[in-house]
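> Here's a structure for you.
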Amino acid sequence: MSVAMVTGASRGLGRALAGELAADGWDLVLSARGATALQEAAAEVEERGVRVVAVPGDVSSAAHRAALVAAARKLGGLDLLVNNAGVLGAEPLVPLAAHPLDGLREAFEVNVVGPLGLVQEGLALLRASAAGAVLNISSDAAVVPYATWGAYGATKAAGDLMWGVLAVEEPGLRVWWADPGSMRTRMMAAAEPGEDLAGLATPKEVAPVLLRLVREARASGRYTAEALAAEAALGARAGLGAGTAR
């Protein structure tokens, strides 16, 4: 059975991705800072009949990364690594002129250094898999200069370049960096308090869209949930038209 590791799995997109993967029959290693919320998420996905190991901790910790990979090894290997955990660097977001440098350092440690460290730690298992893949959660803030999103966006831009290089250096793996778009999450609410998030997609709506990359074994590259959803809608309309033509 295939094994996936999902960081930041206690809530939001990470929890939704874990649920979708469990529905597809993946065994899971789950990580998040909050032990209680992580155990709740693990219990929820375990109801799907898959094996689940919850390892609370921070991806910026080398010891935690080693524990995650050790857990995957006990389950039989590592076929998919989902680098989803992330922090904003400041809550709420502030202009660069006022951004705390300690927060910027933390954001780079969690959003860039930690994910690369996890890839390095698990690379032998990923290479050994028949379909080793890494799914990295990016952001449109990586490519668009939104006011107050500069520090967080810088970490995601760094990640995008880093994952592109990894895809070149590890052609035997599939490496995706995917922008889920704005979602109705606690992180988004913390970033811009007072903003109306009612019209945004939920993580449960976005997760199956992003997992098309895994299910269809897409080529390495940068993707957006918006484009993937539009492509799916177009395909559905084409299929409906073909089905009704006589």
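Every read-out reported here was derived from the displayed coordinates using simple, explicitly stated rules and does not represent laboratory data. In this text the structure is predicted, and so the values were computed from the model without any measurement. Please note: Cβ atoms are built from the backbone with ideal geometry, for glycine as well, and neighbour counts cover all protein chains shown.
> Residues with amide H under 5 Å of V82's amide H, sequence separation 5 or more or different chain, H placed in the peptide plane at 1.01 Å from N; which?
M5, V6, T7, L135
> Test of understanding: in a Gaussian network model of the chain with alpha carbons linked when under 10 Å, which of L118, L28, L234 would top the mean-square fluctuation ranking?
Evaluated over the chain, the most mobile residue of the options is L234.
> Scanning the chain for helices, which whole DSSP H stretches are 18 Å or more long along the axis (Cα) and average -1.0 or more by Kyte-Doolittle?
62-75, 114-128, 150-169, 225-244
> Also, quick follow-up: Looking at the range 36-130 from every direction and averaging, what is the projected area of its Cα convex hull in nm²?
Over all viewing directions, the range 36-130 projects a mean Cα-hull area of 7.5 nm².
> Hey, another quick one. Assign unit charges at the C-beta atoms only (+1 for Lys and Arg, -1 for Asp and Glu), then state the dipole size of the range 3-244 relative to its Cα centre in Debye, rounded to the nearest 20.
480 debye
> When ranked by the protection proxy of mean other Cβ atoms within 10 Å per residue, highest first, what sequence do the peptides 82-92, 6-16, 102-112 form?
Going from most to least packed, we get 6-16, 82-92, 102-112.
> Further, regarding this structure: Compute the whole-percent fraction of alpha carbon pairs in the range 3-244 spaced more than 22 Å apart.
Numbers: 15160 of 29161 pairs.
So the portion of pairs separated by more than 22 Å is 52 percent.
> Could you work out the helix-only [θ] at 222 nm for the chain, with each DSSP H run of four or more residues adding -39,500 (n - 2.57) and the total divided by the number of residues, to the nearest 500 deg cm²/dmol? If you can, show how the numbers build up before the last one.
Numbers: 10 runs with 119 residues, N = 246.
Rounded to the nearest 500, it is -15000 deg cm²/dmol.
> Pick out which of E205, E192, E216 has the largest mean-square fluctuation in a Gaussian network model of the chain, springs linking Cα atoms closer than 10 Å.
Looking only at E205, E192, E216, the biggest GNM fluctuation is shown by E216.
> Could you compute the net charge surrounding L75? Neighbours are other residues with a C-beta less than 14 Å from the C-beta of L75; K and R count +1, D and E count -1. Don't skip to the answer; put the middle values down first.
Numbers: positive: R51, R73, K74; negative: D27, E46, D79.
It works out to a net charge of 0.
> What does the charge count around G221 come to, taking other residues whose C-beta lies under 11 Å from its C-beta (Lys +1, Arg +1, Asp -1, Glu -1)?
Combined, the nearby Lys, Arg, Asp and Glu give +2.
> Under 15 Å from the Cβ of R127, count the other residues' Cβ atoms, weight Lys and Arg +1, Asp and Glu -1, and hand me the total. Spell out each step's value before the answer.
Numbers: positive: R73, R174; negative: D79, E121, E169, E170.
The answer is -2.
> Compute the convex hull volume of the Cα atoms of the range 113-246, divide it by the residue count, and report the result per residue in Å³ as a whole number. Don't jump to the answer; show the numbers that get you there.
Values: hull volume 19.0 nm³, N = 134.
Dividing the Cα hull volume of the range 113-246 by its residue count gives 142 Å³.
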